[in-house]
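Take a look at the structure below.
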Amino acid sequence: MPIVEGGCHCGLVRYAVTVPDGPVDVLDCDCSICAMTGYLHVIVPEARFRLLEGAREVTSYRFGTGRAQHVFCSQCGIKSWYRPRSHPGHISVNLRCLDEGHGLETRIVAFDGVYPA
């Protein structure tokens, strides 16, 4: 399984994530925060996510049910990863925040994030 890296705009937050071989499903969620920010989800089990830098540089935001923990860089404001309500025990990394040249083959899949809690 390949390991890819990514992070925020200013570089304070960096992570590595192990993704499955082959095409990776990328969820295009229609909830309010994902639609407004253009977030594209690559969801992996927490054990396959490693925060390399920036543990002290992040802040979090919760809304609605409060189950999702939206994590932002406190310097540039980018949400490059977070803990989704829809997939407990997993981390969602933003496809758009992966380093250039990651080489992943992706498949965009519509995701209903507006569903009732």
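Points to keep in mind about this one:
- In the list (1) 20, 18, 13; (2) 22, 16, 14; (3) 32, 18, 12, the label attached to semi-axes √(5λ) of the Cα gyration tensor in Å as derived from the coordinates here is (1).
- Here the Karplus curve 6.51 cos²θ - 1.76 cosθ + 1.60, taken at θ = phi - 60°, turns the phi angles of region 53-69 into couplings of 8, x, 4, 8, 9, 10, 10, 10, 9, 10, 8, x, 6, x, 6, 7, 10 Hz, with x standing for Gly and Pro.
- Candidates 19, 51, 70 compared by Cα position along the dipole of region 3-111: farthest toward the positive end lies 70, with charges placed on Cβ.
- Charge dipole of region 3-111 (Cα centre as origin; +1 on each Lys and Arg Cβ, -1 on each Asp and Glu Cβ, all else neutral): 480 debye, rounded to the nearest 20.
- Highest-fluctuation residue, 27, 95, 52 considered, GNM on the chain with Cα pairs under 10 Å: 52
- Only Cα pairs under 8 Å and 6+ residues apart enter the sum, and on that basis the relative contact order of region 3-111 stands at 35 percent.
Readers should treat all values here as calculations from the given coordinates under stated rules, not as data from a laboratory. Keep in mind the model is a prediction, meaning the values are calculated, not measured. Heads up, the Cβs are rebuilt from the backbone with ideal geometry, glycines too, and the neighbour counts pull from every protein chain shown.
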